[in-house]
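The values are calculated or read from the model by the stated rules, or taken from the named source; none is laboratory data. Because the structure is predicted, anything quoted here is derived from the model rather than measured. As a convention, Cβ positions derive from the backbone with ideal geometry for all residues, glycine included, and neighbour counts pool all protein chains shown. The accessibility values were calculated without ligands, DNA or RNA, using every heavy atom of the protein model including side chains. Shrake-Rupley method; radii C 1.70, N 1.55, O 1.52, S 1.80 Å.
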Amino acid sequence: MTDASLLAEQLHWAATSPAAANQDFNAVNGDVFRWNWMWPKLVDYFGIEAASAWQEIAQRHQLREADLNKLASWWHTDADLGRPMEAFTGYRSTLDSFTQLFDKLKAEKVIPQ
């Protein structure tokens, strides 16, 4: 996973550092990440059961988008896993990255409170 604020820092470095010239990099949070660990944490964060129907949730909470496919691109993870490039150094807690983003999306009424 990559937190947007960490990615911004790393992009700034890559754009301004001569050491980054003509190099490929992969930006990641730096923590150990596994979906089988993360899903229960996110379920706890939202106080829900692991399975739910997004269209029903979107309608009930008057969210802006009821089509889950417009909110997430499921191919992204699979496409990224095999890229042969170096990783930036840095650290963000992936759980904190998710919950901070969700707090922002709640405030903007993109996801339910």
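Structure notes:
- Taking the average, over residues, of other Cβ atoms within 10 Å as the packing measure, peptides 52-59, 12-19 rank 52-59, 12-19 from highest down.
- Residues with amide H under 5 Å from that of Asn26, placed H, sequence gap 5 or more: Glu86, Ala87, Phe88
- Sorting Lys70, Lys41, Lys104 by solvent-accessible area of protein heavy atoms yields Lys70, Lys104, Lys41, largest first, with a 1.4 Å probe.
- Estimated FRET transfer efficiency (Glu65, Val43; beta-carbon r; R0 25 Å; 0.05): 0.75
- Placing a pseudo-label 7 Å from each Cα along the Cα-to-Cβ vector at Asn36 and Ala19 gives an inter-label distance of 3.7 nm.
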